[in-house]
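Notes follow once the structure below has been shown.
The values are calculated or read from the model by the stated rules, or taken from the named source; none is laboratory data. Predicted, not measured: the structure shown is a model, and the values here were computed from it. Virtual Cβ from ideal backbone geometry, glycine too; neighbours counted across all protein chains shown.
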Amino acid sequence: MTIYQGYDLDDLEVQYDIAGTIESLEVYHAEYGGLSAKAVERLGGKLDIAYGDDPLQSLDAFPAANPGAPILMFIHGGYWAAGDKAGYRFPADTFHDAGAVWVPINYRLAPAVNLDDIVHDVRSAVAWVYNHAAEIGGDANQLYVFGHSAGGHLAAMTLASGWQSDYGLPDDVVKGGAPCSGLHDLNPFLHTSQKDYLNLDAAGVSRLSPMQNLPRAGLPMVMAWGGKETDEFMRQSADYAAACQAGGANVSTHPFPEHNHFSLASELTNRASPFTAALIKMLGLG
């Protein structure tokens with residue numbers, strides 16, 4: 001019996017088993033972790049700054065050479081249940097040299113908290129960065145958000161309209177975003193194994209799906225994904241990009257046929273990459 005996008009339950013499970021598309025996650029963890037350690041050695045940075053009371057409510061900041069720089073926040077993936085900002089410190093090298101502040105963040109993880117709590121954490125981190133921008137060498141009026149995989153979903157939820165006033169923020173606090181290889185329609189997670197820790201219902205899907213909470217018109221966006229991801233992951237990105245474009249956002253898309261879901265981040269080590277160049281352009285640099 002088909003339950004979503006023409007897939008039966010077994011096939012849908014395969015589509016959303018993104019780790020099953022590669023041999024080992026440890027290869028990427030080791031590569032990005034090593035590069036991140038070198039970035040900290042070179043740049044120092046301000047590590048593990050608290051934006052909330054929980055130890056996971058923390059962020060890093062790698063200031064640019066000059067104060068008042070654009071700020072690019074990064075939200076890691078891990079299906080909302082795993083991952084850590086420490087493995088994504090390495091792009092600080094690229095963005096520092098381009099003239100931006102790189103801010104990878106952590107957030108509380110499922111199943112200890114629910115998805116509403118996780119979205120709240122990310123929006124709280126945005127509020128902290130906005131209110132403390134000068135302390136990390138940035139400009140509060142040049143704040144951008146970038147996320148990958150589950151982090152792409154969370155980035156998209158910061159681009160949505162209607163939540164900002166609850167956090168004392170202007171409606172346009174986020175000036176642009178890059179929700180990459182993200183999960184923008186949560187309906188499949190009413191069925192797949194992720195349902196066991198996400199505890200979503202139909203109301204939660206509506207409330208927490210970026211496809212049903214699109215960004216404002218005119219917002220600049222950069223979206224990238226790997227051509228070796230599953231069909232569903234690629235479709236989620238393409239459909240969300242099209243919906244945002246139809247809603248008036250200014251979206252540039254960058255599919256990379258040679259990359260899988262996890263190798264895509266290696267593009268961030270190369271300032272000449274079309275993806276990285278588009279991010280730098282979105283920041284008003286380069």
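Which pairs have Cβ atoms under 9 Å, sit 6 or more apart or on different chains, and link a residue in region 266-284 that is closer than 19 Å to Val251 by Cα and assigned to a loop (DSSP other than H, G, I, E, B) to one that is modelled with pLDDT of 95 or more and of a type in the set (Asp, Glu)?
Sorted first by the residue in region 266-284, then by its partner, the pairs are Ser273/Glu267.
Please go through region 159-180 and pick out each residue that is in contact (Cβ under 8 Å) with a residue 60 or more places away in the chain and part of a helix (DSSP H, G or I).
Leu159
Answer with yes or no whether Leu143 is in contact with a helix residue (DSSP H, G or I) (Cβ under 7 Å, 6 or more places away or on another chain), farther than 30 Å from Gly20 by Cβ and part of a loop (DSSP other than H, G, I, E, B).
Against the criterion (in contact with a helix residue (DSSP H, G or I) (Cβ under 7 Å, 6 or more places away or on another chain), farther than 30 Å from Gly20 by Cβ and part of a loop (DSSP other than H, G, I, E, B)), Leu143 does not qualify.
What's the number of the condition Ala82 fails, among (1) surrounded by fewer than 17 Cβ atoms within 10 Å (Cβ to Cβ); (2) over 23 Å from Gln194 (Cβ atoms)?
The failed condition is (2).
Looking at Met211, is it buried (at least 21 other Cβ atoms within 10 Å of the Cβ) and at pLDDT 95 or above?
So Met211 fails the test.
Among all residue pairs at least 6 apart or on different chains, which show Cβ distances below 9 Å where the first residue, located in region 208-221, is more than 10 Å from Ser161 (Cβ to Cβ) and the second is modelled with pLDDT under 95 and crowded, with 20+ Cβ neighbours inside 10 Å?
none
Does Tyr197 count as within 15 Å of Arg123 (Cα to Cα) and of a type in the set (Ser, Thr, Tyr)?
No, not satisfied.
Each row is one residue, and each column tells you yes or no for (1) of a type outside the set (Ser, Thr, Tyr); (2) over 27 Å from Gly284 (Cα atoms).
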residue	(1), (2)
Tyr4	no, yes
Glu13	yes, yes
Thr21	no, yes
Leu43	yes, no
His76	yes, no
Trp80	yes, yes
Gly87	yes, no
Ala100	yes, no
Arg108	yes, yes
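Taking only pairs six or more apart or across chains, which ones have beta-carbon atoms under 7 Å, a first residue in region 183-204 that is at pLDDT below 95, and a second residue that is among the polar types (S, T, N, Q)?
Partner pairs satisfying both residue conditions: Asn199/Asn114.
Can you tell me which residue in region 132-175 is nearest to Ala65 (Cα to Cα), limited to those that are crowded, with 22+ Cβ neighbours inside 10 Å and among the aromatic types (Phe, Trp, Tyr)?
Step by step, filter region 132-175, then rank; the result is Tyr144.
What pairs come up if the first residue lies in region 77-94 and is at positive phi, the second is at pLDDT below 95 and in a loop (DSSP other than H, G, I, E, B), and their beta carbons are under 7 Å apart, counting only those six or more places apart or on different chains?
Within 7 Å, no pair qualifies.
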